[in-house]
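The values are calculated or read from the model by the stated rules, or taken from the named source; none is laboratory data. None of these values were measured; they are calculated from a predicted model. Please note: Cβ atoms are built from the backbone with ideal geometry, for glycine as well, and neighbour counts cover all protein chains shown.
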């Protein structure tokens, strides 16, 4: 099989709790950014941004995660808040995924900008595989919290999509449930031929 296709088919997400090793180097982060920038981008708007959280700042981000959890549930228990903090600390590397979408762009609809951001994210995941790492995209309703939006300095039009957790993984990832090709692909026919 072609190596690019093999990499696409082999990619698997791994739970952040199972990722180990060291944080990515600055050079490795730059490779991910280059991969993201290679995505299709009508109008060169660059909607995808990656914000790497420095290892020494992960504890501070953990407190932001706890504030986001309290925002979502003011009755959250101490255990709930600890679980929220743990999410910010799991995996050696954590990168925030931000999409800056210009809703009223005269030539590039928001849907195209979202597609570009998603393509860039997929390139990041494939680049991780090429570098020998595993990752997982984690998200949820808390990414829209005031606490997280404020912590990342997001203004109108900017969306915190989620986070990529990254690390080494020694083992076999669980098999991925993938849709059958026939559930994805159909052939368009002229109306008179239907």
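Residue-wise test of (1) closer than 20 Å to residue 91 by Cα; (2) touching a helix residue (DSSP H, G or I) at 6+ places or on another chain (Cβ under 8 Å); (3) in a helix (DSSP H, G or I).
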| site | (1), (2), (3) |
| --- | --- |
| 119 | no, no, yes |
| 128 | yes, yes, yes |
| 142 | yes, yes, yes |
| 147 | no, yes, yes |
| 164 | yes, yes, no |
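Matching residues to (1) in contact (Cβ under 8 Å) with a residue 24 or more places away in the chain; (2) out of contact with any strand residue (DSSP E or B) (no Cβ under 8 Å at 6 or more places or on another chain); (3) farther than 16 Å from residue 48 by Cα:
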position: 98; (1), (2), (3): yes, no, no
position: 104; (1), (2), (3): no, yes, yes
position: 120; (1), (2), (3): yes, no, no
position: 123; (1), (2), (3): yes, yes, no
position: 130; (1), (2), (3): yes, yes, yes
position: 133; (1), (2), (3): yes, no, yes
position: 141; (1), (2), (3): yes, yes, yes
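Farther than 22 Å from residue 31 by Cα and surrounded by fewer than 18 Cβ atoms within 10 Å (Cβ to Cβ) - does that describe any residue in the range 122-133? No, that holds for no residue. Taking the stated definitions as given, is residue 117 crowded, with 16+ Cβ neighbours inside 10 Å and on the phi < 0 side of the Ramachandran plot? Taking the combined requirement at face value, the residue satisfies it. The listed residues are 35, 54, and the only one of them that is surrounded by 14 or more Cβ atoms within 10 Å (Cβ to Cβ) and at pLDDT 95 or above turns out to be 35. Annotation note: of 112, 156, the sole residue that is over 14 Å from the mean Cα position of the chain (by Cα) and part of a loop (DSSP other than H, G, I, E, B) is 156.
Taking residue 24, is it closer than 29 Å to residue 4 by Cα, in contact with a helix residue (DSSP H, G or I) (Cβ under 8 Å, 6 or more places away or on another chain), at pLDDT below 95 and surrounded by 16 or more Cβ atoms within 10 Å (Cβ to Cβ)? It is false that residue 24 is closer than 29 Å to residue 4 by Cα, in contact with a helix residue (DSSP H, G or I) (Cβ under 8 Å, 6 or more places away or on another chain), at pLDDT below 95 and surrounded by 16 or more Cβ atoms within 10 Å (Cβ to Cβ). Within the range 99-109, the only residue that satisfies the criterion of being part of a loop (DSSP other than H, G, I, E, B) and crowded, with 18+ Cβ neighbours inside 10 Å is 101.
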